[in-house]
Ligand code: DGL
């Protein structure tokens, strides 16, 4: 029996596409469904209670509708707040996206790491825990930015974005005590790798490298689906829970989602 069950990627918006790209290379035969919770966007300025109530319920509906073999919560905000609850509620493998502090701890020469995420992510105890476990001897400096999420969405809609805005976001890290020593920045929101070139250009004289969870998640997906049969069945689809899909259609097509539907 051929197995056409998709892998379902979930984010508040287009951020999860930064996870889709490496995942495509890791499991090229798999069918993907991409879900943007545009009706709930943005997550980063919501409360823990809102995310904890919304995400498991929505993923339950999506699992029933699309019958995925695996769900990737391609969103740091949702993962750091609701991963355990989603795993408890659904009887299928769930891969979360958590800030890549572990590789950053291994990479930093100056022992100063920047963590750039949403406001909701950077205040999570989950981040304290990762910092203590994997970067205990580093100064871990955090900054939450809702603006960078908006800039990434705008870029993918094909709108021009102002380079000065990226520099202002980075100043939120570099201007903190010890921030000038940062040599690695964790893109702890899946939207941010989509604007990594803009961030790198805005870093100017600061010599920094960026790291995110995409490669590790792609390896995890390949491991969890190893030996499984992949049949294409239907074409890949992007699902929007609210408005906003149309303006993103060209970007979604570039990432392999030629069709958009509502939930
Ligand atoms: N892409 C999401 C993340 O990784 C959040 C963006 C938002 O909705 O604020 O955290």
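The values are calculated or read from the model by the stated rules, or taken from the named source; none is laboratory data. Quantities reported herein were computed from a predicted structural model and do not represent experimental measurements. Heads up, the Cβs are rebuilt from the backbone with ideal geometry, glycines too, and the neighbour counts pull from every protein chain shown.
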Would you confirm whether or not region 216-230 contains a residue that is crowded, with 18+ Cβ neighbours inside 10 Å and more than 18 Å from residue 71 (Cβ to Cβ)?
no
Helices (runs of 4 or more DSSP H) contained entirely in region 150-227, each with at least 3 residues that are within 15 Å of the chain's Cα centre (by Cα):
214-224
For region 56-86, enumerate the residues that are in contact (Cβ under 8 Å) with a residue 40 or more places away in the chain, within 11 Å of residue 10 (Cα to Cα) and within 16 Å of the ligand (Cβ to nearest atom).
58, 59, 71, 72, 73, 74, 75, 76, 78
Do you know which residues across region 27-42 are assigned to a loop (DSSP other than H, G, I, E, B) and buried (at least 19 other Cβ atoms within 10 Å of the Cβ)?
27, 30, 31, 37, 38, 41, 42
Would you mention how many residues in region 33-55 are free of Cβ contacts under 8 Å to residues at least 12 places away in the same chain and more than 14 Å from the ligand (Cβ to nearest atom)?
2
Suppose the filter is within 16 Å of the ligand (Cβ to nearest atom), within 12 Å of the chain's Cα centre (by Cα) and modelled with pLDDT of 95 or more; does residue 11 pass it?
yes
Could you please tell me which pairs satisfy a Cβ distance under 9 Å, a separation of 6+ or placement on different chains, a first residue in region 189-204 that is more than 15 Å from residue 118 (Cβ to Cβ) and at pLDDT below 95, and a second residue that is more than 10 Å from the ligand (Cβ to nearest atom) and in a helix (DSSP H, G or I)?
204/167; 204/170
Checking residue 23 against (1) within 13 Å of the ligand (Cβ to nearest atom); (2) touching a helix residue (DSSP H, G or I) at 6+ places or on another chain (Cβ under 7 Å); (3) farther than 21 Å from residue 81 by Cβ, the condition it does not meet
(1)
Listing of helices (runs of 4 or more DSSP H) fully contained in region 77-137 that carry 2 or more residues being within 23 Å of residue 206 (Cβ to Cβ) and touching a strand residue (DSSP E or B) at 6+ places or on another chain (Cβ under 6 Å)
101-107, 119-122
Looking across region 138-149 at residues that are touching a residue at least 40 places away in the same chain (Cβ under 8 Å) and part of a strand (DSSP E or B), the single one that is farthest from residue 200 (Cα to Cα) is 139
Hey, among 237, 211, which residue is away from the ligand (no atom under 16 Å from the Cβ) and surrounded by 14 or more Cβ atoms within 10 Å (Cβ to Cβ)?
237
